[in-house]
Amino acid sequence: MSTPTRTPAYITVRRLAAASVATGALVSAITLPASAADHSRHQRGQVEITAVQYDSPGRDNYSNRSLNREWVEITNTTRRSVNLDGWTLKNRDGQTYTFDHFRLAGRATVRIHTGIGRDTRTDLFQDRRYYVWDNRSDTATLRNDYGRRIDTESWGHHRDGGKHRHGDKNRHGDKRHHGQYDRGQYDHGRHHYNR
């Protein structure tokens, strides 16, 4: 008959310590990706282009009223205000509007009109006498004061080269007239970049 062997106490303590270290490493590995995902979620979508009225309703007669019915909406999706001084909004042909001493409040939207007008908290004017946005296809690009691309909206062509019209209710189910892009309705053509 053999006698049972006893494990010395110092070996039992080592085994318990190793098990607790392994358990701690496992718990850390499980929770780390969740906190990393939370961190990237908070950095997403601070300021974005949310709607574009690229085809002014009615006849394109170059009147100031018609020009101001062509606009781009930019929304601050955070609670904090964002200083847009020096930021730019540009079309595909390079025509550029530069924000001058403008702060966009938290959870607020500003509409940038093409024509002439008096700037307010909710409406800015490019003071142009000609249309900026192409009715068939174009791209609106928003850049910060460092020239970094923040957001773009495109219409008229899919990235794969196919054509589409954002206001075509048979294709998209939208009841709005042709010439308006609303990010709430459509997400194709959207190219959003991390800050």
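The values are calculated or read from the model by the stated rules, or taken from the named source; none is laboratory data. Worth saying up front: this structure is predicted, and the values here are computed from it rather than measured. Glycine also receives a Cβ, built like all others from the backbone with ideal geometry; neighbour counts cover every protein chain displayed.
Check segment 137-147 and report whether any residue there is without any contact (Cβ under 8 Å) to a residue 60 or more places away in the chain, surrounded by 15 or more Cβ atoms within 10 Å (Cβ to Cβ) and more than 21 Å from the chain's Cα centre (by Cα). Among the residues of segment 137-147, not one is without any contact (Cβ under 8 Å) to a residue 60 or more places away in the chain, surrounded by 15 or more Cβ atoms within 10 Å (Cβ to Cβ) and more than 21 Å from the chain's Cα centre (by Cα), which makes the answer no.
Looking only at residues of segment 99-132 that are small (G, A, S) and either more than 21 Å from N83 (Cβ to Cβ) or in a strand (DSSP E or B) (or both), we find that the one that is farthest from the chain's Cα centre (by Cα) is G117. Would you mind finding the one in R65, R92 that is of a type in the set (K, R), closer than 17 Å to S154 by Cα and at pLDDT 95 or above? Sole residue among the options that is of a type in the set (K, R), closer than 17 Å to S154 by Cα and at pLDDT 95 or above: R92.
Here's the yes/no breakdown for (1) within 17 Å of E153 (Cα to Cα); (2) not hydrophobic (A, V, I, L, M, F, W, C):
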| site | (1), (2) |
| --- | --- |
| N61 | no, yes |
| W71 | yes, no |
| S81 | no, yes |
| G86 | no, yes |
| H113 | yes, yes |
| R121 | no, yes |
| R129 | no, yes |
| T139 | yes, yes |
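Within segment 57-90, the set of residues being part of a strand (DSSP E or B) and surrounded by 15 or more Cβ atoms within 10 Å (Cβ to Cβ) comprises W71, V72, E73, I74, T75, N76, V82, T88, L89, K90.
I150 satisfies every condition listed in (1) modelled with pLDDT under 95; (2) within 16 Å of Q46 (Cα to Cα) except (1). Residue pairs whose Cβ atoms lie under 6 Å apart, separated by 6 or more positions or on different chains, with the first residue in segment 100-128 and hydrophobic (A, V, I, L, M, F, W, C) and the second part of a loop (DSSP other than H, G, I, E, B) and crowded, with 17+ Cβ neighbours inside 10 Å, are F102/L84; L104/L84. Would you confirm whether any residue within segment 159-172 is in a strand (DSSP E or B), surrounded by fewer than 15 Cβ atoms within 10 Å (Cβ to Cβ), of a type in the set (K, R) and at pLDDT 50 or above? No, segment 159-172 contains no residue that is in a strand (DSSP E or B), surrounded by fewer than 15 Cβ atoms within 10 Å (Cβ to Cβ), of a type in the set (K, R) and at pLDDT 50 or above.
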